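Before any comments, here is the structure.
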Amino acid sequence: MDVLLGFWEQITTRNAPLPLQAAWLTVAAAAVLVLVPAFWRQSRHVITLVHEGGHAVAATLSGRRLGGIRLHSDTSGLTVSHGRPGGPGMVFTLLAGYLAPSFLGLGAARMLSLGYDVALLWLMLAALALMLVQIRNWFGLWSVAASGAVVLGVSWFGSAGVQGVFALLVTAVLLLGAVRAVLELHRTRSHSRQAARSSDADQLARLTHLPGIVWVVVFLVIGVACAWLGAGFLGLV
């Protein structure tokens, strides 16, 4: 009982906000992880993990049967669900992928603005644990387990300052990486006919009879808006 009470106190205690200089340096580090190609090839896995998690959550909420998630070393992923091939549930499932990193980043920014750094880290860990049981390939298992180990280590052993910096770094990577992922989607669609047929935007186009570029713009506008609102929550704008 004492352990549970201690844990509850830990996750409900508000941390002091990071000094503004430390916050800006952390966001700058996140920008490097997203903008520099060598680092983006690694940090892109975080966006893919959340993207596929978004598909999985949306499929479950819309009544579809989740078949599993695969994450690949080239940063691609696949979420399989079973149900009607069209209709609102399928539209909702497809929409959720590119929007998930933006909305998760925005929610994380709000939690950080309220001082709930530790609670955010434990929520991330719980989400990774739920996702782990749906992974259907070895690289995906390794990727989710390694991510969980890092979050657990910071949550359990990190000081308040380390926890705050790590939580803000992940939040900023989600918000900035979500926008870059949409820009990559547009570039890939422009250069590859096969990619244009199989992308989330073009699957939405077939279901809704709106051009794929409309959905790319929707993803981009929402991504930029979430990044701006998130910066506002964090006192950076």
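Can you pull the one-decimal nm distance between simple spin-label points at Ala145 and Thr13, each 7 Å off the Cα toward Cβ?
3.2 nm
How many angstrom lie between the C-alpha centres of segment 165-234 and segment 23-78?
Centre-to-centre distance over Cα atoms comes out at 12 Å.
Ranked highest first by the average count of other Cβ atoms within 10 Å around their residues, in what order do 41-49, 227-235 fall?
The most tightly packed comes first, giving 41-49, 227-235.
To the nearest 20 debye, what is the magnitude of the charge dipole of segment 167-237 about its Cα centre, counting +1 on the Cβ of each Lys and Arg and -1 on the Cβ of each Asp and Glu?
240 debye
Express in Å², to the nearest 10, the accessible area of His191 obtained by rolling a 1.4 Å probe over the protein heavy atoms while all chains stay in place.
Roll a 1.4 Å probe over it and His191 shows about 150 Å².
Mind grabbing the accessible area of Leu25 for me, 1.4 Å probe, Å², rounded to tens?
Roughly 110 Å² of Leu25 is accessible to a 1.4 Å probe.
Taking the 0 to 90 degree range and rounding to the nearest ten, how far is the long axis of helix 2-12 tilted relative to the main principal axis of the chain, both from C-alpha atoms?
70 degrees
Only Cα pairs under 8 Å and at least 6 apart count here; give the relative contact order of the chain as a rounded whole percent.
In percent, rounded to a whole number, it is 26.
Over segment 31-176, what percent of the accessible surface lies on carbon and sulfur atoms, probe 1.4 Å?
73 percent
Calculate for the chain the 222 nm mean residue ellipticity that helices alone would give, adding -39,500 (n - 2.57) per DSSP H run of length 4 or more and normalising by residue count, nearest 500 deg cm²/dmol.
The per-residue figure over the chain is -26000 deg cm²/dmol.
With a 1.4 Å probe and all protein chains kept in place, how much accessible area does Ile135 have, in Å² rounded to the nearest 10?
For Ile135, the solvent-accessible surface is approximately 10 Å².
For the Cα atoms of the chain, what angle does the longest principal axis make with the long axis of helix 160-191, in degrees from 0 to 90, nearest 10?
Compared with the principal axis, the helix lies near 10 degrees.
Would you please give the FRET efficiency between Val217 and Val133, computed as 1/(1 + (r/R0)^6) with r the Cβ-Cβ distance and R0 = 25 Å, to the nearest 0.05?
That pair, Val217 with Val133, gives E of 0.10.
Using only the alpha-carbon atoms of the chain, report the extent along each of the three principal axes, biggest first, to the nearest angstrom.
53, 40, 30
Over the chain, with the other protein chains present, what is the accessible area per residue in square angstrom, probe 1.4 angstrom?
Accessible surface, normalised per residue, equals 53 Å².
For segment 52-122, what relative contact order do you get, as a whole percent, if you take Cα pairs closer than 8 Å and at least 6 residues apart?
After rounding, I find 32 percent.
May I ask for log10 I(q)/I(0) of segment 95-169 at q = 0.16 Å⁻¹, from a Debye sum over the Cα atoms as equal point scatterers with solvent left out?
-0.62
Rounded to the nearest 0.05, what FRET efficiency do Ala28 and Asp74 have when you use their Cβ-Cβ distance and R0 = 35 Å?
Here the calculated transfer efficiency is 0.80.
Translational diffusion coefficient of segment 138-237 at 25 °C, 0.890 mPa s, Stokes-Einstein with Kirkwood Rh over Cα pairs, in µm²/s as a whole number.
153 µm²/s
Taking +1 at the Cβ of each Lys and Arg and -1 at the Cβ of each Asp and Glu, which of Leu204, Ala146, Phe39 sits farthest along the dipole of the chain towards its positive end, judged by Cα position relative to the Cα centre?
Leu204
The values are calculated or read from the model by the stated rules, or taken from the named source; none is laboratory data. Everything numeric here is computed off the predicted structure, so don't read it as measured data. Methodologically, a virtual Cβ is constructed for each residue, glycine included, from the backbone with ideal geometry; neighbour enumeration extends over all protein chains shown. Surface accessibility is based on the protein's heavy atoms, side chains included, excluding ligands, DNA and RNA. Shrake-Rupley method; radii C 1.70, N 1.55, O 1.52, S 1.80 Å.
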